[in-house]
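Laboratory data are not the source of any read-out in this text; all were calculated from the coordinates shown. Given the structure is predicted, the values throughout are model-derived calculations rather than measurements. Every residue, glycine as well, gets a Cβ built from its backbone with ideal geometry; the counts of neighbours run over all protein chains shown.
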Amino acid sequence: AWTFGLPELGPEQRAKIRASKRIANPGCHASAFILALKPLVASGLVAVDSQIAANSITGYSGGGKSMIAHYESPARIDAPRPYSLGLAHKHLPEMQAYTGLTMAPIFQPIVGPFYKGLAVTAYLQPQQFTRQASPADVQKIIADYYAGERFINVLPVDLATTTEGGFYNVEANNDTNRVDIAVFGNDERMLVVARLDNLGKGASGAAVQAMNVHLGVEETLGLI
């Protein structure tokens, strides 16, 4: 009886959120993963029985009060730390269910020594696509799926404009409700990267957006 609070999930999702009395707020890693992969599964390019490998780097605020206290204490660690190495992260069920995949991804998150910002990177093998597709084709599928979405920005396939000298800024969407989705790579191997503020579109921003949809007010209210 619960509705997933991700309005951009599909063409009927806003109607479901408006009608529901129980709206689940998506997880931060899950939001980025789902938004990156859903268009590719929905288009049939990525088969539903594919097992996708992905990682995510996130600011330490995603770990809650105890992790924030640790990182803001003299005992803090200044190196990135992979975690959930048992490969059973709590976001796996929603990652699988709301992309339409029949297998949970191989997902490995990393916490970094910065307060907030998150980027999920999914690894794609074009040899496993159901049809031939270049990075530009993949980018177009994603861009077409989210056409008109106020909070989703699909970046061009151009390293010069999507990176800072070849480096991708995980914190670029901090203090916004925006998601950037980028496609990198070549015809032999590709990455799809979705970045967001783990406290914005990955948490409270998503909740406010879903609340606005449910109440029938302007969806961007309080978020711009």
In a Gaussian network model of the chain with springs linking alpha carbons closer than 10 Å, the residue among Ser56, Ser204, Ser43 that fluctuates most is Ser43
With the convex hull built on the alpha-carbon atoms of the range 58-151, volume per residue in Å³ sits at 154 Å³
Please give the FRET efficiency for Ile110 paired with Ala172, using the beta carbon to beta carbon distance and R0 = 22 Å, rounded to the nearest 0.05.
0.80
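Fully extended, how many nm does the chain gain between Leu87 and Ala42 (0.36 nm per residue separation, minus their Cα-Cα distance)?
Numbers: separation 45, 0.36 × 45 = 16.20 nm, distance 2.53 nm.
Contour length minus Cα-Cα distance gives 13.7 nm.
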Just going by the charge dipole of the range 142-224, with Lys and Arg at +1 and Asp and Glu at -1 on Cβ, which of Tyr168, Ile224, Val193 is farthest out on the positive end?
Ile224
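Mind running the shape call on the range 1-133? Use the C-alpha gyration tensor, a ≥ b ≥ c as the square roots of the eigenvalues: rounded below 1.5 for a/c, prolate if a/b tops b/c, oblate otherwise.
On the way: a/c = 2.58, a/b = 1.39, b/c = 1.85.
Cα axes put the range 1-133 in the oblate bin.
Sort 21-34, 158-171, 95-108 by the packing proxy (mean of other Cβ within 10 Å over each peptide's residues), most packed first.
Numbers: 21-34: 22.2, 158-171: 12.1, 95-108: 18.4.
Peptide ranking by packing, descending: 21-34, 95-108, 158-171.
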Between Glu188 and Ser66, with labels modelled 7 Å along Cα→Cβ, what's the label distance in nm to one decimal, could you check?
4.5 nm
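Taking 0.36 nm per residue of sequence separation and subtracting the Cα-Cα distance, how much length would be gained by fully extending the chain between Asp78 and Glu164, in nm to one decimal?
Numbers: separation 86, 0.36 × 86 = 30.96 nm, distance 2.23 nm.
Going from the current span to full extension adds 28.7 nm.
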Applying the gyration tensor rule to the Cα atoms of the range 74-224 (axes a ≥ b ≥ c; rounded if a/c under 1.5, else prolate if a/b exceeds b/c, else oblate), the class is rounded
At 7 Å along the Cα-to-beta-carbon direction for both Ala24 and Ala136, put a label point, then send me their distance in nm to one decimal.
4.0 nm
What does the net charge come to around Leu101 if you take all other residues with beta carbon closer than 15 Å to its beta carbon, with K and R at +1 and D and E at -1?
-1
Can you list the HN-Hα couplings for the range 54-59, worked out from phi with the Karplus curve (6.51, -1.76, 1.60; θ = phi - 60°), rounded to whole Hz and with x for Gly and Pro?
8, 10, 8, 10, 9, x
